[in-house]
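Working notes, structure below.
Laboratory data are not the source of any read-out in this text; all were calculated from the coordinates shown. All values derive from a computational prediction rather than experimental measurement. In this analysis, Cβ positions are derived from the backbone assuming ideal geometry, glycine residues included, and neighbour counts consider all displayed protein chains.
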Amino acid sequence: MIFNKKKWIYLIIFFVTVYSCKNEDYPQPSKIISDNINLAIDKAKYSPGDVINFSSNINLPANCKVRYKYLGSILKEESIDGQSWTWTAPSDDFKGYMAELFILEGKEEKVVATIGVDVSSDWSRFPRYGFLSDYGDISDIVMESVISNLNRHHINGIQYYDWQYKHHLPIAGSPSAPQGIWTDIINKNVYFATLEKYISLSHRYNINSMFYNLAFGALNDASYDGVSEEWYLFTDQNHSNKDKHPLSQPPFKSDIYLTNPANTYWQNYLNKNHNDVYSALSFDGFHIDQLGNRGTRYDYWGNKVNLPEGYASFISSAKVSAPAKRLVMNAVNQFGQPQIADSETDFLYTEVWGPNESYSDLANIILENNALSANSKNTVLAAYMNYDLANNQGTFNTPGVLLTDAVIFAFGGAHIELGEHMLGKEYFPNNNLQMKPDLRSSIVNYYDFLVAYQNLLRDGGSFNSPSVNSTDNKASLSLWPPSVGKVAVLGKEVGNRQVIHFINFTDAVQLNWRDNTGNQPYPNIIYNSSFSVTISKNVEKVWVASPDYKSGASINIPFTENGGSISFTIPSIEYWSMVVIDYQ
C-alpha cells in the first residue's frame, strides 16, 4: 500500500472532529429511536373506554408487535402493520400506560418505538402545562403544527400568555362584537381569529386553554374604563404613590399599576370583564399571575394589605363568578402559596427565582406544595433554563435541560417549558434559544416517561432513603441531595413498590439547575452497573426504565436475594434511570 500523507492527515482531522463533537451537538446512541419510527396519538389525554388512535410516520417493520404496559406489567400484546392502529383505553381512571413497539431479531426482542398514554378524565390530576405567546396573522398550517407538537409531548393545558388588549379590559370591543385585531401590552398585534383557532385546535386534542392575566393589573388609562382610584395598591398611607410594575415606553403601552386583589369592587369589575372573555372565546379557565412579595403595601385608606389573603379572596370571587371554569395561580417563589393551595385552584404553580437556584431547591418546592395541599394537588414549575444564554441567539444546552427535567419529574412535578419554542425567559415570546436535535429527540422521551409512569411519579407515595450500595464501584452514590461527582439516589414507596431513582451528577460541573451559561457537560454513560439494596419484604420482580434508554421501555432485570438484600445490574445510567422493586 502506498502511503498517502495528505489522505492520512484528512482522516486524522475527521476522527478528531467526530470525537470532539461527541459530547456537544450530536445525540448519544441511547437517544436514537430505532429505525427512525416516530409515533403519535390523537389526544393529550383520554377518558376511560375511549378509542386511542395511534399513527406512525412510516410503514411499520414486518412482524412488528405492540404491547401495552401499566407500570412494567403487560396488559395486552398484538401484531400490527401499516401506519395506524387503535386500542381501547382500559376502564380505570387516572392511569398512565406505555405502548412499546418491538420486533424479533432472531431470539432477541428489539424495541423500535414507544409512546405514553394518559387515561385521565380530568387534566388537573396530572397537569402538563405548555404555553402560547404569539397571536399574529398565523396560517392554519403553522397553528396546527404548534398544537400537534404540544400534543405529541402530552401537554394537556396551555397558558395563553399576554394575549389581552389591556390587563383591566382583556377584550377589545364587546363580547358579541370583539375587534378583529388589537395590540397587547408591548404593542404586538393580536388577531381574534388566531385565538379562536388555537382554542379550537387545542380542544380537538383534549388540551385545556387557560387565559393569562394578572390578579391586579391596570394600565394608565384605566380610569377611562371605569377603574376607581380607591381600588389601587399604594406604597404610602396617603394614597399618593400607586404601586406599579414599571415598563419601558416604548415598546410597552404603559406601566402596569397594581390594584388591591381583595377589593370587592375590583373583583366584581374584573370578573365581569373576564365573563365577557368567556362569552367571546371558549377558554377553559383563568391562569392568575402575581408579582411576588411587594413588601408593605396599603389600600386607599392607609390600611396595610395582606396580599396572600387578598389572593385567596380573589380566587374565591373568580370561582363564584364562573364556577365551571378552572383556576390556577402563580406563587412567585412560593409567595402566598399556603393561601393559594387552600383555595379553589386546580393544581399548584410556582415561578422559581433566586435564591432557589439549586436542584435541591426545586425538589423542596415540590415537596412543600405537596404538604400544603395534603398531597391533593400536583405541581408545575416555571423554571427558565439557560437564562443568561437567552439574552442572545443560540441553542439550549441539552444536559442542563435534561438534568433539570429529571429532577422535577422524579419528584413528581412538571415543567412549563414547551410552546411555539422552549422557554428561556419569563417574557414568553423570547425565542432566542433553539433546541438542538438531540434535545428535541430526548424531550419527547422524557414526556412519554412522565406520562407512562405518572402513577409512580405523581400519584401519592412517600419519599424515603433506601439503603443502596454500588457493588462494582462503577457508580459513586450519594443519597439525595445531589453532589458533584456522584449519582444521586432518591427513594419512594408507592403502594407495594419501592421506587429508586438514580440521577447522574457524576460529570456535572455545578448544581445550579438553571445552567445559566450552558456549561453543564454531557454525562458519560455508566453501563452495566451493579447494586445491592436492603429489603424488608419478599421481592416478586425488579424492573428498570429510563427516558434515556430504549425510549423509556420497561425492562425486567434479574436479581439475586441474599438474606436482607437483593443485588441487580442496571443496563445504563445516562441522566436518569428508575428502578422499581415489586414486592409480593
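Summary of values
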read-out	value
Projected-area mean, region 413-540, by convex hull of Cα positions, square nanometres	9.7
Gap separating the Cα centres of region 402-430 and region 116-154, nearest whole Å	14
Of LYS197/LYS272; LYS377/LYS492; LYS69/LYS425; LYS197/LYS325; LYS436/LYS492; LYS244/LYS436, pairs whose Cα-Cα distance is over 28 Å	LYS69/LYS425; LYS436/LYS492; LYS244/LYS436
In order through region 60-71: 3J(HN,Hα) via Karplus (6.51 cos²θ - 1.76 cosθ + 1.60), integer Hz, x for Gly, Pro	6, x, 4, 6, 7, 10, 10, 10, 9, 10, 10, 6
Karplus (6.51, -1.76, 1.60) ³J(HN,Hα), θ = phi - 60°, over region 221-235, in Hz, Gly and Pro reported as x	9, 4, 4, 5, 9, x, 8, 8, 4, 6, 8, 7, 8, 10, 8
Size of electric dipole in the chain: Cβ of Lys, Arg +1 and of Asp, Glu -1, about Cα centre, debye, nearest 20	1000
0 to 90° range, to nearest 10: angle between helix 5-21 axis and the chain longest Cα axis	50
Which labelled figure in (1) 121, 81, 52; (2) 142, 51, 36; (3) 84, 61, 52 is Cα extents along the principal axes in Å, once derived from the coordinates	(3)
Mean-position separation - Cα centroids, region 253-316 and region 328-380, in angstrom	20
Inverse mean reciprocal Cα-Cα distance (Kirkwood Rh) of region 342-470, Å	15.7
Rough spin-label spacing in nm, given labels placed 7 Å along Cα→Cβ, for ASP50 and ASN238	6.0
Charged-residue dipole, Cβ positions (Lys, Arg, Asp, Glu), region 533-584 about Cα centre, Debye nearest 20	60
Cα convex hull volume per residue for region 288-335 (Å³)	80
Two-site label geometry, SER174 and SER567: point separation in nm, points 7 Å out along Cα→Cβ	8.0
Cβ charges +1 (Lys, Arg) and -1 (Asp, Glu), total dipole of region 462-583, debye	120
Centre separation in Å (Cα based) which lies between region 441-508 and region 215-247	48
Nearest-0.05 FRET efficiency for GLU108 and ILE58, computed from C-beta distance (R0 25 Å)	0.70
Hz values of 3J(HN,Hα) by residue in region 557-570 - Karplus curve (6.51, -1.76, 1.60), Gly and Pro given as x	10, x, 9, 10, 10, 9, x, x, 8, 10, 10, 7, 10, 8
